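The values are calculated or read from the model by the stated rules, or taken from the named source; none is laboratory data. Only a predicted model underlies this, so the values are computations on that prediction, with no experimental measurement involved. So basically every Cβ, Gly included, is an ideal-geometry build from the backbone, and we count neighbours across all protein chains shown. SASA here: full protein model, heavy atoms, side chains in, ligands and nucleic acids out. Shrake-Rupley method; radii C 1.70, N 1.55, O 1.52, S 1.80 Å.
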Amino acid sequence: MKRCPECRRDYFDATLLYCLDDGNALLEGPASADEPATAILHDTEIRAEAATSAQMQMTDETAVLPTATGEIAPGARGFDKKLLAAPILLSLIVVAGFLGYRYFKPATTEQINSIAVLPFENRSGNADTDYLSDGLADSLIYRLSQLPDLKVSPTSSVMRYKGLVTDVAQIAKELEVDAVMSGRLTQRGDDLSISVQLIDSRTKKLIWAEQYDRKMADLLATQREIATAITQKLQLKLSGNETGLTKKYTSNNEAYQLYLRGRFHFAKRTKEDLLKSIDFFDQAIKLDPSFALAFAALAESYWVMPSHTYMSPREATQKARSAVMAALALDPSLAEPHLVLGSILSGYDWEWTEAEREFKRALELSPENFAAHARYAQHLWAVGRYDYAIRACSKAIELEPLVLNSSANLSIVYTSSGQRDKGLELARKTYDLDPQFVTGRLALGIALNSNGLYDDAIRLSESLLATDPTNQAMLMIGGYAYAMSGAKNEAEDFIKRFKEIGKKQYASAYYVATIHAALGEKDKAFAELENSFEQRDWWLARMRSDPLMASLRSDPRFKAMLKRMNLPE
């Protein structure tokens with residue numbers, strides 16, 4: 001038995017090092033042999049962080065035993081302490097035995113095998129702190145997903161419930177999970193209050209609840225504390241490697257908060273948001289130069305910039321490569337930098353074998369990482385391995401059903417492989433879910449043009465160009481559609497608009513080549529492809545599989561260019 005020398009609280013759990021009330025180091029055995037032994041059963045605390053552990057909010061279902069005070073009732077002062085202690089000790093043994101059977105017996109059909117972590121409710125009254133509530137839930141999902149025997153609903157599946165008052169049982173039914181975790185977060189200056197509850201959706205009983213009153217500087221420790229407490233409470237058998245659950249990516253809490261803000265803006269994919277994400281990741285790295293995950297995120301932000309023509313491929317890739325190599329030097333066990341490096345090797349260096357190795361390494365390190373499957377799918381599509389690309393895309397969607405980027409890419413793969421009807425159907429569904437999503441618009445435009453629905457492609461293009469006249473993807477979609485429908489003057493006007501854009505910023509020569517190809521102007525198309533080759537255009541690596549380049553494939557110059565990029569014909 002162990003006892004706190006300050007508050008006199010006793011513990012039978014020999015693994016505890018610190019008192020759960022005041023954080024003092026525990027001593028072996030009671031301080032005095034004359035005093036009655038008291039104990040509680042408490043299995044939800046993190047040993048390494050017990051000093052900052054919060055008080056457990058007990059319920060009928062979660063309470064194990066109230067804390068004994070060790071005091072004797074006023075009317076019992078004349079009795080021998082040992083006589084009084086005997087029935088108390090006997091009662092404790094009986095209760096502990098029952099609860100030990102009730103809570104620590106082998107898993108039954110009531111074992112919690114699946115969980116959904118709902119978006120935390122932001123009670124701060126300030127939308128600017130959404131990154132905290134969203135980031136905390138997302139981080140808990142990621143950490144719990146590392147457990148081998150627990151199914152965790154992905155972030156994309158639970159985000160639909162953000163801001164909604166919904167029935168737990170209904171949510172659990174929709175997501176097919178045994179338990180639902182919800183929480184509230186309030187920030188007031190430097191103070192942070194987080195309340196969490198975990199409910200068994202089958203019985204509607206509260207499994208666990210706790211209130212955490214912390215400082216902002218304790219955010220990282222609190223996040224790990226919640227994740228580990230849930231794991232212990234659910235009595236999950238961990239594999240020998242618990243790194244994903246307990247790993248400290250940074251010891252600087254301010255850097256971690258900046259990282260969360262960067263991820264919040266990265267997800268939006270607009271130029272303004274991507275630039276904000278880069279700024280936040282840079283700030284995080286300045287505070288903690290050993291923060292490998294922030295370096296990886298910075299590399300990813302730079303890498304996606306040229307895919308939306310927000311930055312030239314050469315400039316963006318140079319910065320992405322520098323950041324990703326720093327991340328790998330700091331922590332080669334992270335999957336994220338291997339993914340970005342694989343993308344660079346595939347999409348810019350055209351080193352396909354080395355790229356494949358990096359993608360497989362990322363999948364080995366994090367097999368349930370949806371992004372790993374999604375990025376690998378793009379590589380497989382580029383080299384023409386359509387069946388494998390479809391499988392990888394489908395796996396990404398299975399892991400994160402509502403990440404539209406995966407479904408948009410799968411639509412393009414279907415179209416490229418000749419399954420144009422299926423590609424169009426999926427592209428329409430993706431677009432309807434969010435008409436503002438950039439890749440969804442492009443996927444729909446490609447599908448419409450590939451199916452000969454040029455009027456629909458023109459309407460899509462013109463409607464978006466009305467509010468964003470320099471949108472290069474939509475200029476390509478509209479220019480191609482005009483060319484294929486015989487409207488040469490309109491197609492040439494779109495080419496001129498590309499040239500005007502190019503006077504002020506990076507403009508995609510590949511997109512211009514696509515319109516020339518649709519006009520049947522092969523010499524001009526290959527001239528622009530040569531410019532694209534010099535630019536290392538993001539789309540050029542996908543030329544072999546691009547359905548809008550079909551008219552050029554029989555030309556010897558097309559095959560020669562594939563060879564120069566080390567691509568199979």
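Could you give the length gained by full extension between Thr467 and Leu453, i.e. 0.36 nm per residue of separation minus their alpha carbon distance, to one decimal place?
Result for the pair: 2.8 nm of gain on full extension.
At a threshold of 8 angstrom on Cα-Cα distance, excluding pairs fewer than six apart, so keeping six or more, what relative contact order does the range 394-547 reach in percent?
Reported as a whole number, the value is 15 percent.
Using a 10 Å cut-off on Cβ atoms, rank the peptides 169-175, 531-537 from the highest mean neighbour count down.
Highest-to-lowest ranking by the protection proxy: 531-537, 169-175.
How far, in nm, would the chain grow between Asp387 and Arg184 when pulled straight, counting 0.36 nm per residue and subtracting the alpha carbon separation?
Gain in length upon complete extension: 68.7 nm.
Considering only protein heavy atoms and a 1.4 Å probe, what is the carbon-and-sulfur percentage of the accessible area of the range 324-457?
51
Considering only protein heavy atoms and a 1.4 Å probe, what is the carbon-and-sulfur percentage of the accessible area of the range 505-551?
47
Compute the separation of the alpha-carbon centres of the range 545-565 and the range 373-396 and state it in Å as a whole number.
About 20 Å separates the Cα centre of the range 545-565 from the one of the range 373-396.
Just want to confirm a number: the relative contact order over the range 330-434, from Cα pairs under 8 angstrom separated by 6+ residues, in percent.
After rounding, I find 18 percent.
Given a 1.4 Å probe, how much area per residue of the range 424-469 is accessible, in Å²?
With all protein chains present, the range 424-469 gives 46 Å² per residue.
For a 26 Å ceiling on Cα separation, which of these pairs sit above it: Lys151/Lys248; Lys503/Lys559; Lys205/Lys248; Lys271/Lys496; Lys524/Lys563?
Going by Cα-Cα distance, Lys503/Lys559; Lys205/Lys248 fall outside the 26 Å limit.
Would you work out if the range 392-517 is rounded, prolate or oblate? Take a ≥ b ≥ c from the square roots of the eigenvalues of the alpha-carbon gyration tensor; rounded if a/c is under 1.5, else prolate when a/b is larger than b/c, oblate otherwise.
prolate
Could you do me a favour and compute the accessible area per residue for the range 292-335, 1.4 Å probe, result in Å²?
33
Taking 7 Å along the Cα-to-C-beta vector as the label spot, tell me the Gln111-Asp523 distance in nanometres, rounded to one decimal.
A separation of 7.3 nm, rounded to one decimal place.
So, by mean Cβ neighbours within 10 angstrom, what's the order for 209-215, 407-413, 195-201 with the highest one leading?
Sorting 209-215, 407-413, 195-201 by mean packing, highest first, produces 407-413, 195-201, 209-215.
What is the magnitude of the charge dipole of the range 161-213 about its Cα centre, with +1 placed on the Cβ of each Lys and Arg, -1 on the Cβ of each Asp and Glu, and no other charges, expressed in debye to the nearest 20?
It works out to roughly 200 debye.
What is the range 267-329 by shape, rounded, prolate or oblate, if you read a ≥ b ≥ c off the alpha carbon gyration tensor as root eigenvalues and call it rounded for a/c under 1.5, prolate for a/b larger than b/c, and oblate otherwise?
Cα axes put the range 267-329 in the oblate bin.
In the range 357-380, whose amide N lies under 13 Å from the spot 7 Å out along Cα-to-Cβ of Glu351? List them in ranges.
357-359
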